[in-house]
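The structure appears right after this line, and notes come after that.
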Amino acid sequence: MSTTRDLPAPAPAPHDPAPHDPAPHDPAPHDPAPRDPARVAVSLTGVHKTYGGVAPVPALRGVDLELLTGSVTAVMGPSGSGKSTLVSVAAGLDTATSGSVRVAGHALDAMSPDALTRFRREQVGFVFQGYNLVPHLDVASNIALPLVLASRRPDAGWSAHLVDRLGLAGLEHRLPGELSGGQAQRVAIARALVARPSIVFADEPTGALDARTGRQVLHLFLDVAREFGQTLVVVTHDAGVAAATGEVVLLADGRVADRMHAPSDEQVAARLLELGR
């Protein structure tokens, strides 16, 4: 789902009902507390996505999903469940057939193609399994690329902080071909964060790495995201990766089948197995 141009509390529980009838202005005890729109990073409402052809294929079937600002969430599901389509639509890389998609309060379906491209550059970060680094640009230039594409002046202090926090100090002038897989993926993470986007989508970010390196990169990525209050969505097939995020959205047949808070690896794997039956 990549293109180079794109690179750029819980609510309090209601009080116990009083022994007398509530006053007309009091909400009923079962009424949900209103959601603060400013805290919602991504909202999908009634989203359908159908791919045309001789036999139309529905990929998303009425998805309703909200992710709060600063949340770290994994998206999982059996093969063909709609994970990649969900992320593509939520990131503005693909358009919904029907329904509403809002990112940082902006309705993506109301934007022109050019406006949507500019919005992605400024508000959405991406980390891909294959890194997607530009081979002839060094580490520093790859990290700065989203800002260059958006004609924004780099913040030298912020860039230096990312380089240091992600363990890339001393590698700024190396080309991608001179990096290990773990180093290359850390460059990709820095590039996704450098523009301070509203949300970052990571598609199988450890899929091209060996297990040990993948765990190291993942935990560093999650630590940095939480440290910076960065909203992060990770698409993965790995129950361990999903459990590390703290919240898991499970898809099945194009629908949200379950949401799990702070599950263990075993709980995620068991639920995924149930959905695949």
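Residue check: Q123 meets all listed conditions (1) over 27 Å from M260 (Cβ atoms); (2) touching a helix residue (DSSP H, G or I) at 6+ places or on another chain (Cβ under 7 Å); (3) surrounded by 17 or more Cβ atoms within 10 Å (Cβ to Cβ) but one, namely (2). Does S79 qualify as being farther than 29 Å from L218 by Cβ, at pLDDT below 95 and not basic (K, R)? For S79, the condition - farther than 29 Å from L218 by Cβ, at pLDDT below 95 and not basic (K, R) - is not met. Pairs are defined by a Cβ separation below 7 Å, a sequence spacing of at least 6 or placement on different chains, a first member in the stretch 78-93 that is closer than 17 Å to D238 by Cα, and a second member that is surrounded by fewer than 21 Cβ atoms within 10 Å (Cβ to Cβ) and charged (D, E, K, R); the pairs so defined are S81/D253.
You will find that of L133, L137, the residue that is assigned to a loop (DSSP other than H, G, I, E, B) and surrounded by 21 or more Cβ atoms within 10 Å (Cβ to Cβ) is L133 and no other.
The lone criterion from (1) within 15 Å of the chain's Cα centre (by Cα); (2) among the charged types (D, E, K, R); (3) outside any helix (DSSP H, G or I) left unmet by D258 is number (1). For the stretch 95-120, which positions are surrounded by 15 or more Cβ atoms within 10 Å (Cβ to Cβ) and touching a His at 6+ places or on another chain (Cβ under 8 Å)? Answer for the stretch 95-120, where residues must be surrounded by 15 or more Cβ atoms within 10 Å (Cβ to Cβ) and touching a His at 6+ places or on another chain (Cβ under 8 Å): A96, T97, G99, F119. Would you say A269 is over 14 Å from the mean Cα position of the chain (by Cα), outside any helix (DSSP H, G or I) and buried (at least 16 other Cβ atoms within 10 Å of the Cβ)? Spelling it out, it is not the case that A269 is over 14 Å from the mean Cα position of the chain (by Cα), outside any helix (DSSP H, G or I) and buried (at least 16 other Cβ atoms within 10 Å of the Cβ). Give the stretch 154-181 a look and list any residue that's modelled with pLDDT under 95 and among the acidic types (D, E), or say none. Within the stretch 154-181, just D155 meets the criteria. Exactly one residue among R191, R152 is in contact with a Pro (Cβ under 9 Å, 6 or more places away or on another chain) and either farther than 18 Å from Q230 by Cα or part of a loop (DSSP other than H, G, I, E, B) (or both), and that residue is R152. Checking each residue in the stretch 237-255 for being part of a loop (DSSP other than H, G, I, E, B) and crowded, with 23+ Cβ neighbours inside 10 Å picks out only G254. Per the conditions (1) surrounded by 11 or more Cβ atoms within 10 Å (Cβ to Cβ); (2) more than 22 Å from V200 (Cβ to Cβ); (3) at pLDDT 90 or above, the sole criterion not satisfied by P56 is (1).
Please work out if L86 is under 14 Å from A252 (Cβ atoms) and under 15 Å from the mean Cα position of the chain (by Cα). Yes, satisfied. Scanning the stretch 96-105 for residues that are within 18 Å of F201 (Cβ to Cβ) and at pLDDT 95 or above gives A96, V101, R102, V103. Restricting the search to the stretch 217-236, which residues are crowded, with 16+ Cβ neighbours inside 10 Å and over 26 Å from S43 (Cβ atoms)? Listed by number, the residues that qualify are V217, L218, L220.
The values are calculated or read from the model by the stated rules, or taken from the named source; none is laboratory data. On a predicted model such as this, the values are computed, not experimentally measured, just so you know. Glycine also receives a Cβ, built like all others from the backbone with ideal geometry; neighbour counts cover every protein chain displayed.
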